[in-house]
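Q: Below: one structure in structure tokens.
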Amino acid sequence: MKRDHQAISGAGGGGCGISSGSKGESSITNKGKLWEEDQDAGDMDELMAVLGYKVRSSDMADVAQKMEQLDMVMGTAQEDGISHLASDRVHYNPSDLSSWVQSMLTELNNPVLPNSDSNSSKTQQKQQIVSNNQSQVYNDDSEYDLRAIPGVFAYPQTKRIKTSTGTDSSSSPPTESSTRPVVLVDSQEAGVRLVHTLMACAEAVQQQNLKLADALVKHIGLLAASQAGAMRKVATYFAEALARRIYGVYPQDSLHPSYTDMLQMYFYETCPYLKFAHFTANQAILEAFATSNRVHVVDFGLNQGMQWPALMQELALRPGGPPVFRLTGIGPHQPDNTDALQQVGCKLAQLAETIGVRFEFRGLMVNSLADLEPKMLDIRPPEVETLAVNSVFELHRLLARPGGIEKVLSSIKTMKPKILTIVEEEANHNSPVFVDRFTEALHYYSSLFDSLEGSGVAPPPSQDLVMSELYLGRQICNVVACEGVERVERHETLAQWRFRMETSGFCPVHLGSNAYKQASMLLALFAGGDEYRVEENDGCLTLGWHTRPLIATSAWQLAAVV
Amino acid sequence: MARSNEVNLNECKMVVPLNTWVLISNFKLAYNLLRRPDGTFNRHLAEFLDRKVPANANPVDGVFSFDVLIDRGTSLLSRIYRPATAEEPQLNVAGLEKPVTAEVVPVIIFFHGGSFAHSSANSAIYDTLCRRLVGLCKAVVVSVNYRRAPENRYPCAYDDGWTALKWVNSRPWLQSQKDSKVHIYLAGDSSGGNIVHHVALIAMESGIDVLGNILLNPMFGGQERTESEQRLDGKYFVTLRDRDWYWRAYLPEGEDRDHHACNPFGPNGRSLEGIKFPKSLVVVAGLDLIQDWQLAYVDGLKKAGQEVKLLYMEQATIGFYLLPNNNHFHTVMDEISKFVVSDC
């Protein structure tokens, strides 16, 4: 993970700390309002917006002028042989054309030679050669890069209405219509009939026509048996969940946490989603920690702590030495009173010692994140210690109880983190309408299971695959068969989370082209790598299977107080 | 390369609306970053910068779309666009491949542009264009996500086009009621236009009928430097140098621009005389530096006795069809709708 790139940071690193080009230099006053005005879609050139670019009509001439300047500067740069400085730099948020152009202009007008930074004692020339060699040796895996982001149809959603106190627990942005990205992989006759029957069954359940639903569920079993691969497995899990709902046999979430941890480990190994989540979140955290000597990470879901060795290794490699690294890992109470958190903490401590990082660990057991109080976390002042809060697939659970998410976001604000990293499933599995939820989940898990199939857990153990499927199967069961506080897999889309975060007093920290590139390269390590897609979406990164984004990483900071 | 400065930039700004100028200049600047002098391509940055949109099975403005994996081996995806019917505003996934109901439904297989190296079927600019074509021609549009250069050279793009065409031709749900056949048109811009020609050739030789070819600013070239190339080099967003780069990236190593892929009626080309070939609609922008090659293409078709209509848009630059804010756009869209409908 090389971070010796100079950042093009017009909009990079902070969506609302620096104003975009035409407004002149960063104006620190009126900050909260400023970004909101930036989001006002009313002034945006509509034709450009449809094509994925946010440019205000009133800024168009200014953007054009900057482009002309950039054109000239780039032409000169080319002759001087430093033309690819710009392409070696980190880019952020390409939709914001004004900032993008401005940052390149700034960079090219004041070129900072690469060897002034971190790990390179190389000369500039050698750096060029190194990067060229990499580009020649690197066998590009991304030929078929069909990557989808909720682009065009998310733009109507950026008409954000500022709620007065942000206590509105409804998470829906004022959308015109939602997007339903569908990738058909299996258009064989039997597959279509199977889906049809599943949908019909869901309809019957919604209409409380349990007799019909029962008949259909049995029929699904028959149809599924004649299918192969991912489709069969998905159908089986969905059928089972439907059956539970029909017969009223709801699953208890009484599995020992160590069992669920184990399932997650298999999932972690089999496919890239968790690794992507950890990797991209760590990128953002590392950048936030760049200038600190004391850092603290609060991890909302420690599990087996798999995210942290990589971060610690990066910290260890920092020029000038690693900061003091404090980790607070949060996890559920263990039924048998074992201290699983401490066990993980110990392992991490051992690693820290071998790589020379001063490390402190603390475990906190709570039933729900909503039970957390900032004072439990021993937060130190920002001048003393930089705080990152990290949440991978945890926040959506809070939506099961009213007030939960609001309490947690409020606590986070009290902690004053420099950065908050959030990874969530990219789907709306929280619709109150059962059939809608069912349909969404069917598409989502079909893609997910298809990717497991495709990432060919090369030569067995197929046990990994089975365990991974079990891990996902439990989610399916929860989405379909459970209700109320039991239904914790309340996934919501990036657009929905964005809305919630921005109306709760946070603003985005953009992930850039370096994170994008390295995440893409990570995927190449998985069989089926070219079928996974990383995408940039308004400063966030998503990972998907073919054109269907499946998880999204976003980073946030506190919106500056006006 | 002659450093075109303020004079030319101002000229250029006078012939297109400001937002079009910004859009195309954005591509020009971004693409400059991506092409490396050694012939390699910064694919990661390219994908990062490209603005994409997902398929959407919910109709928007009367059109819905979904993606299909046509060929697992090459990960060949295509995006299908269909008109939403009033009776079934929202189809579930089982209904996406519902049979077309009209007597005659044109199916337009679309190949996006990008000089063989850039863009994808889900690039926002092309998703938008394809959606327009659905309403314009009352057609189903199939946008092919073909493999790109320099990672995949000739003939990969043509192979993928041919694979997609065979797939389309064999879908029962795309057959028109009138004759239980799929009524196929090929359309594409820039490199996509080039692909149209070559795939049509393969199709006709294999006995699959293509009813019409639509080539928007098609990408052709040759070893010779033509008058238009010299006159317009660097003046309207495009340089000879970048054109050369893309051909070097697409053509087999060691081949020059008289390779038949680049120059179908050149010294290594072949005559289409006596061959059954679809009627063609060829749109040429008057400010496109490769127009001499495009006009030569039209000539080549005429000389072979093939039916071809040339639309020469004098004051148009590349990319004029990306935004509906100019007369050229509307003229061309009009012609396309007449071209596709005139079949029945």
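The values are calculated or read from the model by the stated rules, or taken from the named source; none is laboratory data. Just so it is clear, the model here is predicted, and its values are computed rather than measured. Cβ coordinates were reconstructed from backbone atoms using ideal geometry, including for glycine residues, and neighbour counts include every protein chain displayed. When the accessible area is computed, the model is the full protein with side chains, heavy atoms only, and any ligands, DNA or RNA have been set aside. Shrake-Rupley method; radii C 1.70, N 1.55, O 1.52, S 1.80 Å.
Q: A:Gly473 fails exactly one of the following numbered conditions: (1) among the small types (Gly, Ala, Ser); (2) away from every other protein chain (no Cβ under 14 Å); (3) open to solvent by 20 Å² or more (accessible area, probe 1.4 Å). What is the number of that condition?
A: Of the numbered conditions (1) among the small types (Gly, Ala, Ser); (2) away from every other protein chain (no Cβ under 14 Å); (3) open to solvent by 20 Å² or more (accessible area, probe 1.4 Å), the odd one out for A:Gly473 is (3).
Q: Still on this structure, please answer the following. Which of the following residues is open to solvent by 10 Å² or more (accessible area, probe 1.4 Å), part of a loop (DSSP other than H, G, I, E, B) and under 23 Å from B:Val341 (Cα atoms): B:Lys166, B:Lys178?
A: B:Lys178
Q: So which residues in the range B:300-344 are open to solvent by less than 70 Å² (accessible area, probe 1.4 Å), within 28 Å of A:Ala49 (Cβ to Cβ) and either within 14 Å of chain A (Cβ to nearest Cβ) or assigned to a loop (DSSP other than H, G, I, E, B) (or both)?
A: B:Ala316, B:Thr317, B:Ile318, B:Gly319, B:Phe320, B:Tyr321, B:Leu322, B:Leu323, B:Pro324, B:Asn325, B:Asn326, B:Phe329
Q: Can you list residue pairs whose Cβ atoms sit under 7 Å apart, with the first residue in the range A:517-529 being in contact (Cβ under 8 Å) with a residue 60 or more places away in the chain and within 11 Å of chain B (Cβ to nearest Cβ) and the second being open to solvent by 50 Å² or more (accessible area, probe 1.4 Å) and among the aliphatic types (A, V, I, L, M)? Count only pairs 6 or more apart in sequence or on different chains.
A: Listed pairs, sorted by first residue: A:Gln518/A:Met1.
Q: What number of residues within the range B:181-211 satisfy the criterion of being surrounded by 24 or more Cβ atoms within 10 Å (Cβ to Cβ) and assigned to a strand (DSSP E or B)?
A: 6
Yes/no matrix, rows are residues, columns are (1) surrounded by fewer than 22 Cβ atoms within 10 Å (Cβ to Cβ); (2) in contact with a Gly (Cβ under 6 Å, 6 or more places away or on another chain):
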| site | (1), (2) |
| --- | --- |
| B:Leu33 | yes, no |
| B:Phe48 | no, no |
| B:Phe64 | no, no |
| B:Val107 | no, no |
| B:His112 | no, yes |
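Q: A further question on this structure: Which condition from (1) open to solvent by 10 Å² or more (accessible area, probe 1.4 Å); (2) without any contact (Cβ under 8 Å) to a residue 24 or more places away in the chain is the one that B:Leu29 breaks?
A: (1)
Q: Can I ask one more? Considering A:Ala228, A:Ala200, A:Ala241, which residue is closer than 17 Å to A:Phe449 by Cβ and surrounded by fewer than 21 Cβ atoms within 10 Å (Cβ to Cβ)?
A: Only one candidate qualifies: A:Ala228.
Q: Sticking with this one: Within the range A:438-529, considering only helices (runs of 4 or more DSSP H) that don't extend past its boundaries, which have at least 3 residues that are of a type in the set (Ser, Thr, Tyr)?
A: Once the helices (runs of 4 or more DSSP H) in the range A:438-529 are filtered for at least 3 residues that are of a type in the set (Ser, Thr, Tyr), what remains is A:462-481, A:513-523.
Q: Just a yes or no: is a residue in the range A:366-385 over 25 Å from A:Asp261 (Cβ atoms) and either within 18 Å of the chain's Cα centre (by Cα) or assigned to a helix (DSSP H, G or I) (or both)?
A: yes
Q: Okay, moving on. Quick one: is B:Asp127 within 9 Å of another protein chain (Cβ to nearest Cβ), over 23 Å from A:Val185 (Cβ atoms) and acidic (Asp, Glu)?
A: Against the criterion (within 9 Å of another protein chain (Cβ to nearest Cβ), over 23 Å from A:Val185 (Cβ atoms) and acidic (Asp, Glu)), B:Asp127 does not qualify.
Q: For the structure I just gave you, tell me whether A:Glu143 is out of contact with any strand residue (DSSP E or B) (no Cβ under 6 Å at 6 or more places or on another chain), facing chain B (nearest Cβ under 10 Å) and at pLDDT below 50.
A: Here the answer is yes, as A:Glu143 does meet what is asked.
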